[in-house]
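Heads up, the thing below is written out as structure tokens.
The values are calculated or read from the model by the stated rules, or taken from the named source; none is laboratory data. Please read all numbers here as calculations on a predicted model, not as lab measurements. Virtual Cβ from ideal backbone geometry, glycine too; neighbours counted across all protein chains shown.
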Ligand SMILES: [Zn+2]
């Protein structure tokens with residue numbers, strides 16, 4: 001009888017002590033993930049549910065996911081993963097602490113012992129393998145990064161993209177200053193101020209559009225002017241006029257650009273108005 005058949009007979013992958021015996025290193029964790037998947041998906045065994053290492057969730061069907069633990073309607077409890085035993089039957093935990101909410105997402109499995117972070121070049125161990133974000137590359141390959149590394153990568157890409165938009169719009173001398181994104185459902189994407197002698201333009205991604213806001217330029221251009229001159233300056237910069245042919249969200253000092261090329265076009269128009277009428 002082979003070792004895997006013996007393990008299968010004892011169903012080590014489906015009881016607390018058995019599961020703990022896999023958790024010596026990342027390879028063991030991945031063996032556990034494979035064996036539970038085979039049991040659930042191929043042999044149609046109904047499995048027990050476990051919280052593993054405080055960060056992972058193994059369900060009744062052989063799925064394996066990431067988990068966060070919190071009280072209902074509140075933030076995850078940061079100390080909980082370290083305080084829990086390495087293997088917990090989720091039903092037992094919930095019977096002890098019924099107000100606990102365990103939220104799980106079935107993402108790709110954690111990195112293996114051969115994966116390296118594409119940002120910092122370091123790998124993972126079983127102790128920190130929950131600290132990962134995965135993206136799929138062009139050939140569907142998995143690209144892993146630590147969470148902080150993923151954030152840095154995202155922010156660098158975002159700033160690089162905004163710099164490129166600015167340069168293509170003729171604002172290559174504008175000083176680009178990163179600011180926190182003002183649309184948080186996209187994740188960490190950083191926004192930026194494009195600082196010019198005529199004022200700052202705030203630019204950054206919302207979900208599918210690039211938000212462009214030139215309020216600062218208009219205020220500078222109108223500063224100290226009497227009412228009529230100020231109204232004239234405002235009309236020169238008015239987004240409703242500048243972009244009247246485009247069906248997009250716009251007002252006097254801001255516009256949504258559908259894609260990089262549109263953002264370049266709008267920035268050019270705003271910058272032209274600033275150079276002609278700005279101060
Ligand atoms: Zn990293």
### Task
Scan the stretch 1-28 and report the pairs whose first residue is farther than 15 Å from residue 51 by Cβ and whose second residue is loosely packed, with under 13 Cβ neighbours inside 10 Å and at pLDDT 95 or above, with Cβ atoms within less than 7 Å and a gap of 6+ or a chain change.
26/125
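Between 157, 133, which is closer than 26 Å to residue 182 by Cβ, buried (at least 16 other Cβ atoms within 10 Å of the Cβ) and either assigned by TED's automatic domain parsing to the domain that holds residue 26 or within 16 Å of the ligand (Cβ to nearest atom) (or both)? Can you show your working first?
On the way: 157 fails: buried (at least 16 other Cβ atoms within 10 Å of the Cβ).
Every option except 133 fails the conditions.
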### Task
Select the strands (runs of 3 or more DSSP E) contained entirely in the stretch 123-181, then report the ones holding at least 1 residues which are modelled with pLDDT of 95 or more.
142-145, 175-179
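Per-residue answers, yes or no, for (1) in the same structural domain as residue 214 (by TED's automatic domain parsing); (2) out of contact with any strand residue (DSSP E or B) (no Cβ under 6 Å at 6 or more places or on another chain):
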position	(1), (2)
82	no, yes
88	no, no
120	no, yes
143	no, no
167	yes, yes
171	yes, no
### Message
Among the listed residues 220, 189, identify the single one that is crowded, with 17+ Cβ neighbours inside 10 Å, farther than 21 Å from residue 168 by Cα and in the same structural domain as residue 163 (by TED's automatic domain parsing).
### Response
220
### Query
Can residue 179 be described as under 30 Å from residue 148 (Cα atoms) and touching a strand residue (DSSP E or B) at 6+ places or on another chain (Cβ under 9 Å)?
yes
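Just checking, how many residues over the stretch 182-205 are assigned to a loop (DSSP other than H, G, I, E, B) and at pLDDT 90 or above?
The initial filter retains those residues of the stretch 182-205 that are assigned to a loop (DSSP other than H, G, I, E, B), namely 182-183, 187-190, 197-198.
From the residues that got through so far, the ones that are at pLDDT 90 or above too are 197-198.
Summing the residues that are assigned to a loop (DSSP other than H, G, I, E, B) and at pLDDT 90 or above in the stretch 182-205 gives 2.
Which of the residues belonging to the stretch 121-130 are over 21 Å from residue 104 (Cβ atoms) and loosely packed, with under 13 Cβ neighbours inside 10 Å?
Of everything in the stretch 121-130, those that are over 21 Å from residue 104 (Cβ atoms) and loosely packed, with under 13 Cβ neighbours inside 10 Å turn out to be 121, 122, 125.
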### Query
In this structure, does residue 100 turn out to be free of Cβ contacts under 8 Å to residues at least 40 places away in the same chain and within 27 Å of the chain's Cα centre (by Cα)?
yes
### Message
Which residue is surrounded by the most Cβ atoms within 10 Å (Cβ to Cβ), if the candidates are limited to the stretch 138-154 and must be within 17 Å of residue 109 (Cβ to Cβ) and more than 10 Å from the ligand (Cβ to nearest atom)?
### Response
143
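Where in the stretch 26-119 are the helices (runs of 4 or more DSSP H), entirely inside, with at least 3 residues that are closer than 17 Å to residue 144 by Cβ and either away from the ligand (no atom under 16 Å from the Cβ) or modelled with pLDDT of 90 or more (or both)?
Details: elements: 26-37, 80-83, 90-96.
Here the list reads 26-37.
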